[in-house]
Structure formats: C-alpha cells, structure tokens
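So the structure is just underneath, and the comments pick up after that.
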Amino acid sequence: MRHLIAAVSCAIALGGPVLAQQSGTVVELYTSQGCSSCPPADRLLAQMADRDDVIAIALHVDYWDYIGWTDDLARPEYTQRQRGYAQRWNAKNVYTPQMVIAGAVGVVGSDPGAVMNAMAIHRNTASPIALEVVRRNDGLQISARAIGDVPAQALVQVVSLTDSVTRNIERGENAGKTIDYRNVVTGWQNAGTWTTAQPARLSVPLDHAGPVVVIVQDGTSGPILGAVKLP
C-alpha cells in the first residue's frame, strides 16, 4: 500500500493520470447534524478515515431535520440508500448512527467494539473482483473483471467526497456544538451496470476535483464486491 500511495502522490505532483487498485473495506456511516447520539460515531469514522485498509465515508440523512436543525449535508437519496439496506435485511426501521460494513452488515456506529468486530470479519474476505481506476483530467477509466463468485450483474457507482467539513450547530439536539466531519459524501453517481461474465471498461465524466470512491456492488443495497479510493 505504501508503494501505491507514493505512486499516486508522484502522479498528482506531475499533473498526470492517477491510478489506484483495490483498497480497503468500505464503511458507510449514516449520520445527522441533528442527532445527539452521532458525534461519537463521527469521531470514530474520522479515526478510520486515514487508514489504508478502510474506505470510510459519511452519508448524512434528512429524517431528523424536523426536530430543530436542518442538516445541510443531508440528501434524500442517502436516506433512501440506508432504507434500501434496511429493506434487504428485513429491518423495521432506520436509525442513526449506523455503520454499514462492506454493504453486508449494519451495526451501531458509536459502538467501537461492534464496528471493529464486523470489520475484522470482512477484512479477511477476499474480493471476488479485480478493480482498477485511472483518474484523468476529464474523468475516470474504470476496469473490472471477475476473479471469484459474483452475481450476474453488478452496479458500478462513483462517490464524490469532501475530505473535511466543520459545522457550528445552533439548534436541535446538538445545539452549541462544533462538529468536524470527515469524508462527507457530496455526490453519488450510478455509472453503469456491469454484466460480470465479461470484463468491464467504463469511461465516466467527472467534474469533482476532490477525493472519489468507486464502489462495485450487488445492486444498491447488496454486498460490496470491490472498491477503490482516489485522492
């Protein structure tokens, strides 16, 4: 991983294309500025954000906006993504803070033990795909091929991130607090459906200059088959 990071840094310095290969377990935190239980989970995600073996992302949901503070980072489509997981797992409702590990299991996001246990299980699971992403000035070149058991089709998704955001909360359950957020999701694009019997090669336009994650998943709420993060 150190060699990959060095290569990426060099490419950025020279203004050339940036290449990244399979890297880390995806951890999705569903959080809200209006949730008093969420700051410990936000801090836990921040601790994971710089790890080489984790792709940590924060998705802000909008269903707590009615209690006094509107989360300006929330989008209804992130709430819908969380509801998709709940439906797949036959859960009765959604909640914050929740961390979803590898698209396969959801745990209370403020419980470090539960989070680490879930991550340990999935860290030892080999990815069934080989995934490579090249970032150029005009977008991404995504290549994927199956190397294990995979569903007949998989969804290729491009996630835009803001590395760090600070908010002063004036009302609601967190009134008076200043909260730092890491790896905040600011955009989510379904880039295409991959028929996995054949290798995939996709060109995806991108106008986002910040970090980006490519996620290949069994649908929108199934297990994550592979993921790559680029700076």
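Sub-8 Å Cβ pairs linking a first residue in the stretch 148-170 that is touching a residue at least 24 places away in the same chain (Cβ under 8 Å) to a second residue that is outside any strand (DSSP E or B) and basic (Lys, Arg), at least 6 apart or interchain, are 169/177, ordered by first then second residue. When every residue of the stretch 79-99 is checked against the conditions, at least one turns out to be in contact with a Gly (Cβ under 7 Å, 6 or more places away or on another chain), closer than 18 Å to residue 215 by Cα and either surrounded by 18 or more Cβ atoms within 10 Å (Cβ to Cβ) or without any contact (Cβ under 8 Å) to a residue 24 or more places away in the chain (or both).
This table checks each residue for (1) of a type in the set (A, V, I, L, M); (2) more than 15 Å from residue 103 (Cβ to Cβ); (3) modelled with pLDDT under 95.
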position	(1), (2), (3)
150	yes, no, no
156	yes, no, no
178	no, yes, no
186	no, yes, no
201	no, yes, no
213	yes, no, no
221	no, no, no
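Screening the candidates 183, 124 for the property of being at positive phi and polar (S, T, N, Q) yields one hit, 183. Taking the listed residues 59, 29, 45, the one that is among the aliphatic types (A, V, I, L, M), farther than 20 Å from residue 122 by Cα and under 13 Å from the mean Cα position of the chain (by Cα) is 59, with no other qualifying.
Is it true that residue 59 is within 17 Å of residue 223 (Cα to Cα) and not in a loop (DSSP other than H, G, I, E, B)?
no
Specify which of the listed residues (201, 182) is touching a residue at least 12 places away in the same chain (Cβ under 8 Å), among the basic types (Lys, Arg) and buried (at least 16 other Cβ atoms within 10 Å of the Cβ). After applying the criteria, what remains is 182.
In the stretch 187-198, of all residues being in contact (Cβ under 8 Å) with a residue 40 or more places away in the chain and under 16 Å from residue 141 (Cβ atoms), the one that is surrounded by the most Cβ atoms within 10 Å (Cβ to Cβ) corresponds to 194. Say we look at the stretch 65-74 and pick out the residues that are without any contact (Cβ under 8 Å) to a residue 60 or more places away in the chain and out of contact with any helix residue (DSSP H, G or I) (no Cβ under 9 Å at 6 or more places or on another chain); which of these is surrounded by the most Cβ atoms within 10 Å (Cβ to Cβ)? Of everything passing the filter in the stretch 65-74, 65 is surrounded by the most Cβ atoms within 10 Å (Cβ to Cβ).
When the stretch 62-110 is filtered for residues that are more than 15 Å from the chain's Cα centre (by Cα) and assigned to a strand (DSSP E or B), the ones remaining, listed by number, are 107, 108.
Scanning the stretch 181-226 for residues that are farther than 14 Å from residue 154 by Cα and outside any strand (DSSP E or B) returns 206, 207, 208, 209, 210, 211. Do we have any residue at all in the stretch 155-169 that's over 21 Å from the mean Cα position of the chain (by Cα) and surrounded by 14 or more Cβ atoms within 10 Å (Cβ to Cβ)? Looking through the stretch 155-169, at least one residue is over 21 Å from the mean Cα position of the chain (by Cα) and surrounded by 14 or more Cβ atoms within 10 Å (Cβ to Cβ). Cβ-Cβ distances below 8 Å connect no pair with a first residue in the stretch 206-218 that is within 20 Å of residue 23 (Cα to Cα) and in contact (Cβ under 8 Å) with a residue 12 or more places away in the chain, a second residue that is among the aromatic types (Phe, Trp, Tyr) and part of a loop (DSSP other than H, G, I, E, B), and a separation of six or more residues or different chains. Of all residues in the stretch 111-133, count the ones that are out of contact with any Lys or Arg (no Cβ under 8 Å at 6 or more places or on another chain), outside any helix (DSSP H, G or I), surrounded by fewer than 17 Cβ atoms within 10 Å (Cβ to Cβ) and small (Gly, Ala, Ser). Qualifying residue count, the stretch 111-133: 1.
The values are calculated or read from the model by the stated rules, or taken from the named source; none is laboratory data. What you see is a predicted model; the values in this text were computed from it and never measured. All Cβ positions, glycine included, derive from the backbone under ideal geometry; neighbour counts span all protein chains shown.
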